[in-house]
1. For the stretch 248-262, give me the residue count where each residue is touching a helix residue (DSSP H, G or I) at 6+ places or on another chain (Cβ under 6 Å) and either outside any helix (DSSP H, G or I) or touching a residue at least 60 places away in the same chain (Cβ under 8 Å) (or both).
2. Would you pick out the residues in the stretch 110-134 that are touching a strand residue (DSSP E or B) at 6+ places or on another chain (Cβ under 9 Å) and in a helix (DSSP H, G or I)?
3. Among (1) modelled with pLDDT of 95 or more; (2) surrounded by fewer than 11 Cβ atoms within 10 Å (Cβ to Cβ); (3) not in a loop (DSSP other than H, G, I, E, B), where does residue 6 come up short?
4. Scan the stretch 223-247 for residues that are farther than 22 Å from residue 185 by Cβ, in a helix (DSSP H, G or I) and out of contact with any helix residue (DSSP H, G or I) (no Cβ under 9 Å at 6 or more places or on another chain) and jot them down.
5. For the stretch 111-123, does any single residue satisfy the condition of being in contact (Cβ under 8 Å) with a residue 24 or more places away in the chain, in contact with a helix residue (DSSP H, G or I) (Cβ under 8 Å, 6 or more places away or on another chain) and more than 30 Å from residue 242 (Cα to Cα)?
6. Please list, ordered by first then second residue, the pairs with beta carbon atoms under 7 Å, 6 or more apart or interchain, first in the stretch 70-97 and within 26 Å of residue 126 (Cβ to Cβ), second outside any loop (DSSP other than H, G, I, E, B) and within 16 Å of ligand 5 (Cβ to nearest atom).
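The values are calculated or read from the model by the stated rules, or taken from the named source; none is laboratory data. This one's a predicted model, so the numbers in the text were calculated from it and none came from an experiment. Using ideal geometry, Cβ is built from the backbone for each residue, glycine included, and neighbour counts are taken over all protein chains shown.
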Ligand code: HEC
Ligand code: HEC
Ligand code: HEC
Ligand code: HEC
Ligand code: HEC
Ligand code: HEC
Ligand code: HEC
Ligand code: HEC
Ligand code: HEC
Ligand code: HEC
């Protein structure tokens, strides 16, 4: 191509761009600016500028992007038409698919702290949306724009878990702990997803999670009790249980689900109708040792002194 033609085509190309640039400066992008929204939605505006998203000082905040329109999309037409419900503005309701609603938040949050694993989240795969749990304009007081405080937020959809936490032995999510904060569901789960696709646990495995707060159970022990390093949930419930210490069953039944101690160094069979402790073979009294096993095998999670966990 001769040089002169290249030169002129460049000139025409550049000249052609000028009117386009002027148009967008006039607001053809469709964005009107938050100040304009304020005219008719003052309450929303006032709350917005006081919240994290409304802070100029936070880089990447909606305030530093398109303000209200970062989430609601361009609003110029909405205003031209005098505003109104469903008029040329994005609304977070059932008419919009969960993916579309989430995409408004993910435009910024996709790779931000806490939300990186949304694509692996059970909530995402069951079409639970960001705005099911977060409310930008009517959040409860506190951090994170929550629709309700934990655990009530979660109990709203997970009633069976509420029942667990009402059992006699449970992880303390409501009680005041001396000198410490009560646990939250999100102490153990990240509702926005983690690498644990099953239960969104905030650790690589069940045991790693438990060790974060019960470090002494990790050992190392010279004598390990094999089910302990394998999975704490072999013997414990995560949320609540009617047996003390969150146990799945009570001793000795728990122990005897694995140990057949008949013929071992001591017979630990529960007393039954056939072998009663006192009285006749049919009295049915004194079925069990009660705490039995644990009176002697006190270091059930492992020991460095006794291969039988008695010390
Ligand atoms: C001229 C006044 C006016 C302006 C300016 C205005 N709106 Fe509205 N908007 C309305 C009215 C009126 C409604 C209907 C409210 C109602 O029925 O409660 C509305 C409703 C909405 C709704 C809810 C729509 C629905 O279907 O439920 C959203 C979201 C909204 N506006 C966002 C914005 C945003 C963002 C801006 C700034 C870009 C803006 N509005 C500017 C008047 C206005
Ligand atoms: C224009 C970008 C942008 C959009 C869109 C956006 N956010 Fe944010 N959001 C931010 C930034 C930036 C922060 C501050 C992060 C920080 O300080 O670590 C933030 C903080 C938050 C926080 C933490 C608030 C706190 O109290 O610490 C939550 C929760 C949140 N956003 C939820 C949402 C939800 C839900 C949506 C969609 C409805 C959304 N965000 C849309 C940029 C955005
Ligand atoms: C099932 C409920 C639920 C869903 C769905 C949900 N969140 Fe959250 N989100 C929470 C809770 C609860 C917290 C507070 C966790 C805490 O206190 O540590 C939170 C915290 C956050 C934070 C702050 C994280 C931090 O580490 O500071 C951001 C940002 C956030 N959510 C954004 C989103 C976005 C974006 C979506 C959708 C893609 C979403 N959330 C979906 C419940 C949810
Ligand atoms: C971070 C995203 C985000 C920003 C920024 C935002 N909104 Fe919203 N807006 C939402 C979500 C999500 C809803 C759905 C209800 C809720 O979560 O509180 C909503 C709902 C609304 C509604 C409709 C309430 C209804 O009747 O259903 C209006 C009106 C509104 N926003 C106006 C505004 C105005 C005005 C601004 C700026 C001052 C603004 N929003 C900024 C996310 C946002
Ligand atoms: C809007 C309803 C809703 C809310 C609110 C909600 N969830 Fe969920 N959650 C679901 C649905 C639906 C599923 C997938 C189906 C199921 O397992 O029940 C799910 C699944 C889960 C799972 C995985 C369950 C499994 O079977 O593996 C966990 C863990 C979980 N949610 C924790 C939470 C926590 C923690 C909160 C509160 C921060 C919460 N959820 C709030 C609806 C909700
Ligand atoms: C001490 C840590 C911890 C706390 C606190 C906790 N969970 Fe869990 N949760 C777990 C573990 C561990 C599992 C089981 C994971 C597995 O089986 O791999 C689990 C499983 C789940 C499941 C799926 C399996 C089931 O039992 O249905 C749901 C749903 C759930 N949790 C919701 C909640 C909710 C809601 C809260 C708050 C009320 C909460 N969790 C508090 C540790 C915890
Ligand atoms: C975020 C911290 C945390 C995590 C993670 C955690 N726990 Fe706990 N756990 C506690 C607290 C706090 C208590 C209350 C007792 C106390 O004050 O030490 C407790 C108590 C217990 C108890 C005794 C309950 C009773 O009735 O006395 C058992 C058993 C237990 N946890 C097992 C587990 C198991 C198994 C896991 C892993 C699935 C786990 N914990 C994960 C904080 C945690
Ligand atoms: C073989 C069954 C079994 C396994 C597996 C097991 N535990 Fe236990 N755990 C028990 C029994 C039994 C008790 C009650 C001890 C007592 O009452 O003296 C208990 C009590 C506890 C207690 C409360 C009392 C204390 O010793 O602090 C915590 C916390 C605990 N276990 C955490 C864990 C953790 C964390 C794991 C996994 C690393 C785990 N357990 C695995 C059987 C087990
Ligand atoms: C899930 C199965 C399981 C449960 C439940 C269980 N254990 Fe074990 N236990 C084992 C295994 C496997 C060994 C290792 C056996 C071996 O090395 O020969 C072991 C070893 C022992 C040992 C060391 C003796 C030996 O033969 O090495 C004692 C003592 C013991 N368990 C007591 C208990 C008590 C008490 C309970 C109830 C609190 C209990 N166990 C619950 C599986 C279990
Ligand atoms: C009165 C104390 C005591 C009670 C109660 C007790 N044990 Fe033992 N157990 C021991 C001692 C001590 C040893 C080691 C034996 C030895 O050194 O010869 C032992 C050894 C064991 C062993 C390993 C040897 C074998 O027999 O296989 C197992 C398994 C065991 N106990 C399980 C249990 C279970 C399960 C219970 C409850 C049903 C229980 N023990 C109750 C003191 C007790």
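1. Number satisfying all stated conditions: 2.
2. 133
3. Failed condition: (1).
4. 244 - this is the single residue of the stretch 223-247 that is farther than 22 Å from residue 185 by Cβ, in a helix (DSSP H, G or I) and out of contact with any helix residue (DSSP H, G or I) (no Cβ under 9 Å at 6 or more places or on another chain).
5. Checking the stretch 111-123: at least one residue is in contact (Cβ under 8 Å) with a residue 24 or more places away in the chain, in contact with a helix residue (DSSP H, G or I) (Cβ under 8 Å, 6 or more places away or on another chain) and more than 30 Å from residue 242 (Cα to Cα).
6. Here the result reads 92/101; 92/131, each pair linking the stretch 70-97 to a residue that is outside any loop (DSSP other than H, G, I, E, B) and within 16 Å of ligand 5 (Cβ to nearest atom).
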